[in-house]
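Shown next, in structure tokens, is the structure this report addresses.
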Amino acid sequence: METMETMETMQTYNLIDAPDKHGEIFDQAAIEPVLLIQESQPSYVIFSAELYEKMINRIQELEDQILLEKAKTAISESEMVGTEVFTSALEILANGET
């Protein structure tokens, strides 16, 4: 699993030791994400506000790409293609025809 591999390469601190090493932890977090563990299990990840902003922006870009692909799919699967077909369908509906 890629996420676990990434977590395994991160600088790691025990949550119990964090209060005594908070300066070191935050200095490291300014450079790269830091993993805090509790009872040998991942508990928290600390990283810079700059990295957080980049991650949020990237998530928004990916969400926009997904919406664009869904819109393209909806248009390509639409039965009403072209102005003439659309206008004709509106006229039929306006006249009460089915």
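The values are calculated or read from the model by the stated rules, or taken from the named source; none is laboratory data. Small disclaimer: the values here were computed from a predicted structure and weren't measured. So basically every Cβ, Gly included, is an ideal-geometry build from the backbone, and we count neighbours across all protein chains shown.
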Considering only residues that are outside any helix (DSSP H, G or I) and not hydrophobic (A, V, I, L, M, F, W, C), look in segment 72-91 and name the one that is modelled with the highest pLDDT.
Ser78
Surrounded by 12 or more Cβ atoms within 10 Å (Cβ to Cβ), more than 18 Å from the chain's Cα centre (by Cα) and without any contact (Cβ under 8 Å) to a residue 40 or more places away in the chain - does that describe any residue in segment 43-57?
yes
